[in-house]
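Report on the following structure.
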Amino acid sequence: GSCRQQVVYHICSTPQRPRTMPLAPTIAASGGVVSKRDRGGEVQKYLADAEKMAALGRHAEALQRLDDAASIAFRHGSSMEHPSVAAAALLANVQMLLQGGAWPKSEPSLDRQLREALRLARKSKARSRELEGRLQLALSQALFAKPGKTAADLDAAVEARRCAAELMVDAAVEALPWSAEMAENLAQTTAGGSLGFDGLRGALTDTTASWSTEAPAALEVLFDAWAASTGATGFGGTGEGRLGVAAFFRFYAQVAKRLEAEDAATAMACAAPCDGGVAGLEARERALVVLVGRDGVGAWEAKAEELGEGLTGEEVAAMWKRIVPQVQRATKADEEMGCGHSCSTCPTRHDCQVHDAIKDIEDL
């Protein structure tokens with residue numbers, strides 16, 4: 001694909017860099033470091049070995065490592081702490097097979113592997129729109145290449161390509177530094193006029209001090225999509241398109257607002273106790289649980305100020321003691337949340353201080 005299809009987006013908090021090897025972006029897009037307690041570590045080792053073999057030109061060995069990784073991922077991905085690692089393994093395997101023009105003679109077929117990978121990617125606590133976009137693009141390619149494909153397969157291939165394009169734009173917006181509100185303000189205050197890609201990049205650089213090394217690649221994705229939508233010819237056409245700064249920020253704000261709403265809805269659906277998802281609590285009590293999960297117990301005056309309801313530190317401390325039994329029941333129930341994790345399997349459990357705060361009360 002083009003460089004805009006290979007754009008590197010911000011995934012979790014791990015710095016990314018552009019890569020050209022077919023396996024490397026897939027591994028990076030999975031995000032996080034797997035624990036050796038599940039088979040995710042085994043999968044990631046196979047992926048790393050496959051990348052080394054491919055770099056050395058030992059393609060048969062690379063294919064075998066990918067097949068080993070994909071086999072484990074397909075059968076055990078749901079039980080992994082980081083399902084996105086399994087999704088990345090399945091994607092890497094399918095990409096390599098498609099590049100070689102191969103289609104497995106037995107199940108699971110490539111499209112079935114990719115659908116399972118999409119399910120696993122969506123199950124991950126930290127969403128990677130880049131990974132989902134790559135999976136959708138690969139699914140489209142696999143369905144078009146599928147032996148004996150049906151009309152339904154072709155329809156699904158077209159829809160997967162549409163989803164991939166949207167997810168690539170979404171991930172590019174995530175990689176850039178402006179919020180929806182900032183973009184709306186900039187759309188109203190910047191001058192009109194149309195610019196080529198280099199001119200637009202220069203103009204946008206002047207609006208922020210947070211211009212990362214990944215930003216130009218993400219900007220290419222957006223320029224290609226939005227210059228075309230204004231009737232100009234984007235990078236994918238016969239000449240360079242043009243896009244104004246104000247128009248760029250109008251498009252950007254629309255996408256950023258939708259992403260912010262989606263992420264907020266996902267956070268609500270997760271309903272983790274440390275996110276205030278405890279039944280029967282008032283809004284300010286839920287907010288207090290969030291603060292305790294973030295900062296631990298104590299510093300009640302600071303928490304009172306952050307809650308902003310005219311409470312004193314003593315009142316906030318008393319509120320915490322009062323709601324602890326409800327929070328304790330929610331954490332001990334260890335039920336699966338909307339994100340697919342429970343308290344005991346949550347990837348961010350070690351950063352959450354709710355459990356320690358409850359234990360402190362129990363010890364007293």
Next on the checklist: Can you give the FRET efficiency to the nearest 0.05 for residue 284 and residue 210, using r as the Cβ-Cβ distance and R₀ = 41 Å?
Outcome noted: 0.80
Checklist entry - In straight Cα distance, which aspartates and glutamates are under 18 Å from residue 146, not counting same-chain residues fewer than 8 positions off? => result 107, 111, 116, 155, 159
Item to check | Derived scalar couplings ³J(HN,Hα) [the stretch 288-303; Karplus, 6.51 cos²θ - 1.76 cosθ + 1.60; whole Hz; x for Gly, Pro] | outcome: 5, 4, 4, 5, 5, x, 7, 10, x, 7, x, 6, 5, 5, 5, 5
Checklist entry - Counting only residues 5 or more places away or on other chains, whose amide H sits under 5 Å from the amide H of residue 244 once H atoms are built in the peptide plane? => result 195
Item to check | Efficiency of FRET between residue 155 and residue 321 - r from beta-carbon atoms, R0 56 angstrom, step 0.05 | outcome: 0.45
Checklist entry - Reachable lysines from residue 123, Cα under 25 Å, same-chain residues fewer than 8 places away excluded? => result 36, 45, 257, 332
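Rule-based calculations on the coordinates, nothing more; no lab input. None of these values were measured; they are calculated from a predicted model. Please note: Cβ atoms are built from the backbone with ideal geometry, for glycine as well, and neighbour counts cover all protein chains shown.
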